[in-house]
Amino acid sequence: MSETLTLHAAFARDVGAALDALEAQGSLPGGLSRAAVAVEPPRDPAHGDLATNAAMVLAKPAGTNPRALAEALVRELGKLPQVTDAAIAGPGFINLRLSRDSWLAELRAIAALGGDYGRSTVGQGVTVNVEYVSANPTGPMHMGHCRGAVVGDALATLLAYAGHRVIREYYVNDAGGQVDVLARSVHLRYREALGEAIGEIPEGLYPGDYLVSVGEALAGEFGNRYAQAPESEWLTLFRTRAVAAMLVMIRADLALLGIAHDLFSSEAELQAAGKPEEAEAWLRARDLVYDGELEAPKGKIIEDWEPVALPLFRSTKFGDDQDRPIKKSDGSWTYFGADLAYHFQKAQSADALVDIWGADHAGTVKRIKAAVAAMTGAEGKPTPFEIKLVQMVQLLRNGEPVKMSKRSGNFVTLADVVSEVGKDVVRFTMLTRKPEAQMDFDFAKVVEASKDNPVFYVQYAHARICSTLRKGAAEGFVPDDAALHLLGDEELALVARAAQFPRQVEAAASAREPHRIAFFLHEMAAEFHAYWNLGNDQPAKRFIVAQDAELTGARLFLATQIGQIVRNGLALLGVAAVEEM
């Protein structure tokens, strides 16, 4: 990767150098942490091009007045040739105005770095495990799984682009009662494949036709060996084969979205390896698991409630509202007990953990966070662990709800949706709102060619750029940076927006929020389209001005770099940048 510094990185370096100079002068004590020092665009563009909070965050530990420190810092920053004005705002913020040459240099930096413009090293040396999707292996992927799948995958890509080593993991819940139901459902389809009339699928079994081929495969392999055999003879075998078949289907469905995990971890294998027992012993040795009576459910009166002694994890010690059982009264592991062991295992190979969960799991967040804090914080530094909750998506068709039910076999599959509207539309749409916000996915609106459709709006910006470059080439014009000095304020405003991309990447990675990239691209597209529209009324503002080859070359160079920013951002979202629409 090129060592070309982006504008924000260069000014962060310059602010650091100015602080070094103040230390050398004795105006600032040495050794102060600068972790909170930021360089970013001011909230109001009228205040300047960049702002820094350095004086605000360093004044207190330095034992000085923020404004006095700001005045000293302004004197140093004012010496930079690329700074045309440095002013203090409020109690100590510093606003900077930059020279035109700074923006033109940034435009050339985008060209020099290309696909690496925005790539960061902030995560270098840090391994992050991102677990996402983790749907029960009982059928094909449906739209209930889609949003978490896209959010998790885009986050993993974003973290890798920001320098982290990323492990993409899928946790296969193949040890619960639902996989026994799956095995029984497959056994019914197996008997059907052998010629038995099974009639209507009994209540409680999975009725979907997706199990027909699994039953047929088992019939072809075993004949009628298990047709009348007791369940004890075939349940384990059919469960194993059914889960394997479902995982093949799930992988294929995820591939339609461009998603591939590095690791599929099995809950059944975890339990067979004795990992929950190991976790329990580890916790008991530290008095974090004890035998006690579970409290009665709060807010409910259960007539036949009887207290039962169970092994309880001391989750109240870590912020939960009650201690939690890790085993059931029959001695089997609770979901929490197995999950606790699974997270303990994940933490052995990662410096940070991120789980993407459906919002229906919100009630279990506190307890699993408590468990991870307990098991990884023995030396006082628990492994950073975040859970991102993703709301369900309501499917609509022209405003009317599309009903789906996994158990009825009448659900809308992910494959059906991708087939109808395309991978890129699905992925981008899933990132057009914060994951914790409700989302409507209307089949008509997501393919609408209008500025109200963010997918189209961003894609159209890139297609417009490509069309302009093709037209320019046909007329003998090529992108050229020789006359960038001819660019005006409107063009430089586009460069200023593009220059925010690297810090957007770092901020989005730090916050674990890939939707910020989609929001940025929408803003970038809006500014590009606004500039493009100037040329409709003012021919001199068009990208191609036939009578001025130098200006045309400069504007085409600008357009090329804006296109590069859009491509880089879309790549993080897993969305292709189309060249024609």
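The values are calculated or read from the model by the stated rules, or taken from the named source; none is laboratory data. Keep in mind it's a predicted model, so treat the numbers as computed, not measured. Backbone-built Cβ (ideal geometry, glycine too); neighbour counts: all protein chains shown.
Comparison of D253, D262 shows that the only residue that is among the acidic types (D, E) and either buried (at least 21 other Cβ atoms within 10 Å of the Cβ) or at pLDDT below 95 (or both) is D253.
Yes/no per residue for (1) within 25 Å of H343 (Cβ to Cβ); (2) at pLDDT below 95; (3) surrounded by 22 or more Cβ atoms within 10 Å (Cβ to Cβ):
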site	(1), (2), (3)
L104	no, no, no
I110	no, no, yes
G114	no, no, no
G118	no, no, yes
V130	yes, no, yes
G148	yes, no, yes
G152	yes, no, yes
A156	yes, no, yes
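In summary, V458 fulfils each of the numbered conditions (1) outside the structural domain of D153 (by TED's automatic domain parsing); (2) in a loop (DSSP other than H, G, I, E, B) with the single exception of condition (2).
Looking only at the stretch 133-149, decide whether some residue is assigned by TED's automatic domain parsing to the domain that holds W357, assigned to a loop (DSSP other than H, G, I, E, B) and β-branched (V, I, T). Looking through the stretch 133-149, at least one residue is assigned by TED's automatic domain parsing to the domain that holds W357, assigned to a loop (DSSP other than H, G, I, E, B) and β-branched (V, I, T). The number of residues in the stretch 492-525 that are over 24 Å from G48 (Cβ atoms) and in a loop (DSSP other than H, G, I, E, B) comes to 3. Filtered by the rule that a residue be assigned to a loop (DSSP other than H, G, I, E, B) and surrounded by 19 or more Cβ atoms within 10 Å (Cβ to Cβ), the stretch 321-331 gives D323, I326. Is there a residue being outside any helix (DSSP H, G or I), at pLDDT below 95 and loosely packed, with under 14 Cβ neighbours inside 10 Å anywhere in the stretch 466-482? No, that holds for no residue. Of the residues that make up the stretch 184-201, is at least one touching a residue at least 60 places away in the same chain (Cβ under 8 Å), crowded, with 20+ Cβ neighbours inside 10 Å, more than 13 Å from the chain's Cα centre (by Cα) and over 25 Å from P502 (Cβ atoms)? Looking through the stretch 184-201, none of the residues is touching a residue at least 60 places away in the same chain (Cβ under 8 Å), crowded, with 20+ Cβ neighbours inside 10 Å, more than 13 Å from the chain's Cα centre (by Cα) and over 25 Å from P502 (Cβ atoms). Being small (G, A, S) and touching an Asp or Glu at 6+ places or on another chain (Cβ under 7 Å) is a description that does not apply to A89. So is A46 small (G, A, S), more than 21 Å from A499 (Cα to Cα) and surrounded by fewer than 19 Cβ atoms within 10 Å (Cβ to Cβ) or not? Judged against the criteria, A46 is not a match. Just so you know, in the stretch 161-183 the residues that are modelled with pLDDT under 95 and of a type in the set (G, A, S) include one that is surrounded by the fewest Cβ atoms within 10 Å (Cβ to Cβ), and it is G177.
Checking the structure you have, find out if any residue of the stretch 540-547 is at positive phi and either in a loop (DSSP other than H, G, I, E, B) or under 35 Å from the mean Cα position of the chain (by Cα) (or both). The answer is no; no qualifying residue exists.
Name the residues in the stretch 112-151 that are aliphatic (A, V, I, L, M), over 26 Å from F520 (Cβ atoms) and out of contact with any Leu (no Cβ under 7 Å at 6 or more places or on another chain), would you? Scanning the stretch 112-151 gives a single hit, A135. Does the stretch 12-43 hold any residues that are among the aliphatic types (A, V, I, L, M) and surrounded by fewer than 18 Cβ atoms within 10 Å (Cβ to Cβ), and which are they? Result: A17, A21, A24, L32, A35, A36, A38.
Scan the stretch 446-457 for residues that are touching a residue at least 24 places away in the same chain (Cβ under 8 Å) and surrounded by 17 or more Cβ atoms within 10 Å (Cβ to Cβ) and jot them down. Selection gives V446, P454, V455, F456, Y457. Among residues of the stretch 198-232 being assigned to a loop (DSSP other than H, G, I, E, B), among the small types (G, A, S) and closer than 24 Å to V248 by Cβ, the one that is modelled with the highest pLDDT is G223.
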